[in-house]
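Below: the structure, in structure tokens.
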Amino acid sequence: MPEFVIGERDFLLDGAPFRIISGALHYFRVHPDLWADRIHKARLMGLNTIETYVAWNEHSPKRGRFDTDGGLDLARFLDLVAAEGLYAIVRPGPFICAEWDNGGLPGWLLNDPAVGVRRNEPRYLEAVSEYLDALLPIVAERQIDRGGPVILLQVENEYGAYGSDKNYLSALIELNRLGGITVPLTTIDQPTDQMLQDGSLPELHKTGSFGSRATERLATLRAHQTTGPLMCAEFWDGWFDHWGARHHTTTTEDAARELDELLAAGASVNIYMFHGGTNFGFTNGANDKGVFQPTVTSYDYDAPLTESGEPGSKFWAFRDVIARYAPVPEEIPSPSQPAPEFEVSLDGRISLWDAVDSLGEWIDSDQLPTMDDVGHFRGFALYRTWVEATDDGVLSFEEVRDRAQVFLDEAPVAVLHRDHHDTAVSLPNRRGRLDILVEDQGRVNYGPRIGEHKGLIGPARLSGSEASRWQTLPIDLETIGVLDSLYTDAAGTSLQGPVFARGYFQAAAGVDHFLSTAGWGKGQVWINGFNLGRYWSRGPQATMYVPGPLLTAGSNEIVVFELNGALERVARFVAAPDLGHTDY
């Protein structure tokens, strides 16, 4: 069987020097029927390796469960990598960051405040051990010394930016080796002395993460990794976006020049991202460095291969750079046609108030619970209580995580936004039923706020006194089809939220579409029961990518959950994506 090891100055494949030219492609951000296409295009750009994270929380929504079906079939993904003649790098965390919900850590794991996040703590490591016991057999049997594509496995992720618990890193090494991992183990950190020192151990091969000043940063890395090959294991060629901000891009010329400098120095590289994909459903992460900033649905990343799999300008520029240092296939990707353009009337509707009893079971509480307290770790929850008339009807919370729409007898009162630090609202001076629809807009994926609870953070106070006796409905949107029999014919030309609206359209199977969200407020979209993700008029993202494999020949269903309102009951499909304004 082939052998892949770390030599005195190089990676060695069967004893010969081997330079890794890799690209990041997260299987869980791409429809599985498109994996082979994206992997093939990676080879056409000149890559010899594919790197992927593993999202623990996506595989394990509940403790004791490890899903590997459909878009979570890591074995199939790695087999497709091998079939294309490429190698693979696997990064299972357990923490991955990745602008992914909770950095990949399951919500249930951190529901117990005594669990020690990313450190040598027994309850945390017990859960990590269960995770790796389920995951590693898939990876181990696909290592290069067993005839598979996997040549490296990364331990943790940029740990030096978070902690310095060497016993924790040692425990992860032991768990991976006990799980059958025989390929070299690596770590990654930004190239500062502190991070490289804190984030690794001598028995782990250190790599760097950066997107510029390669010569300087490789020198810093070499000071800490004195032997073996140098590698930038995250060469940042773009960036991610937050709601309400601009669409981040980097110039093709600058990115190509930086890649050329890196390869000219003799280093190996993993381009982050080669193809970003999409934060489908409720999977996006968030940052909070004083202001909460949730990540948008698109993870295009301004990568060489766009969100919809089109070669962009960086694809061709990077291909030219790589060709100076390694063989590049003569074959090039075929151009695609513009997507179909048409409108769909959303003729069916059902208000949230008419749908709630079909979307879950109410939970009674004496005190205000968080979403985590009721075992709900993504999406929406509805809080309900009854209030009396008062001249001083100010309702307040310790914190709102992350967006709360307040209704009195189903009439809208106000919206509280976490990023505005809103915590209080004045209520009308009348008695009635108080409903608060709370949206978890994505769990923080980086820094000390990893693992925080979502929902309304108590105590709740009304007119200075603590408000008790709450009902909470964890809204289950996993099977939107439960509402099928409840839709009625929509009246008027507009939509008043919160409301579910449904329509049908004809399509050809397998053809990508782009859904415009112009004119809509905020919400979610499902195509044939698949949750495309979030939209928001804040932008920058103004379209949603609809992967062709979601569509069938003939009739297809679209469901929109509009939280605010829309002037028209229409869904518009457009020819090309619009990810928002940039600085260029």
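Laboratory data are not the source of any read-out in this text; all were calculated from the coordinates shown. Everything quoted here is computed from the prediction, not taken from an experiment. Neighbour counts run over all protein chains shown; Cβ positions are idealised from the backbone, glycine included.
Tabulated data for the structure shown
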read-out	value
Distance between region 417-439 and region 198-264 - C-alpha centres, whole angstrom	45
Per-residue HN-Hα couplings for region 305-315 [Karplus 6.51, -1.76, 1.60; θ = phi - 60°; Hz; x = Gly/Pro]	9, 5, 3, 8, x, 8, x, x, 4, 5, 4
Crossing angle, helix 74-83 versus the chain [Cα axis fit, 0-90 degrees, rounded to tens]	40
Cβ-defined net charge surrounding ARG142, 12 Å radius [Lys, Arg +1; Asp, Glu -1]	-1
Approximate spin-label separation ARG433-ASP133, in nm, with each point projected 7 Å along Cα-to-Cβ	4.6
For ALA490, residues with placed amide H under 5 Å, excluding near neighbours	GLY348, ARG349
Computed FRET value (nearest 0.05) for GLU8 with ARG246, which takes r as the C-beta separation and R₀ as 45 Å	0.50
With Cα atoms, 0 to 90° folded angle of helix 214-224 axis to the chain main axis	80
³J(HN,Hα) computed for each position of region 138-145 - Karplus, 6.51 cos²θ - 1.76 cosθ + 1.60, integer Hz, glycine/proline x	5, 6, 4, 6, 10, 6, 4, 7
Exposure proxy ranking, count of Cβ atoms within 10 Å, fewest first, for ILE21, ILE173	ILE173, ILE21
All Cα pairs of region 4-323, percent lying beyond 35 Å	13
Relative contact order for region 131-245, counting Cα pairs under 8 Å that sit 6 or more residues apart, in percent	23
Kirkwood hydrodynamic radius (C-alpha pairs) into Stokes-Einstein, the chain, 10 °C and 1.306 mPa s, D in µm²/s	63
Shape call, region 317-412: gyration tensor on alpha carbons, a/c limit 1.5	prolate
Modelled FRET efficiency - R0 30 Å, SER537 with GLU399, Cβ distances, 0.05 increments	0.75
For region 283-339 versus region 31-68, the gap between their alpha-carbon centres in whole angstrom	15
Net lengthening on full extension, SER351/THR493 (0.36 nm per residue, minus Cα-Cα)	49.6 nm
Inter-label distance, nm, simple model (7 Å from Cα along the C-beta direction), ARG222/GLN367	5.8
Local electrostatic count at PRO32 - Lys and Arg +1, Asp and Glu -1, tallied over other residues with Cβ under 14 Å	-4
Sum of side-chain charges, PRO547 neighbourhood, beta-carbon under 12 Å (Lys, Arg +1; Asp, Glu -1)	-2
Prolate/oblate/rounded label for region 221-342 (Cα gyration tensor, a/c 1.5)	oblate
Region 566-580 - phi-based ³J(HN,Hα) in whole Hz, Karplus 6.51/-1.76/1.60, Gly and Pro as x	9, 6, 10, 8, 9, 10, 10, 9, 10, 6, 8, x, 10, 9, x
Stretch gain in nm, segment ALA264-GLN197, where the contour uses 0.36 nm per residue and the Cα spacing is subtracted	21.5 nm
FRET efficiency, HIS417 to ALA83 (Cβ-Cβ, R0 60 Å, nearest 0.05)	0.80
Within the chain, percent of DSSP bridges classed antiparallel, to nearest 5	75
Label-point separation in nm, ASP33 to MET1, each point 7 Å along Cα→Cβ	3.5
Fully extended contour minus Cα-Cα distance, from PHE66 to ASN528, at 0.36 nm per residue	163.8 nm
Charge-dipole axis of the chain as Lys and Arg at +1 and Asp and Glu at -1 on Cβ define it, positive-most pick from HIS205, ALA553, LEU483	HIS205
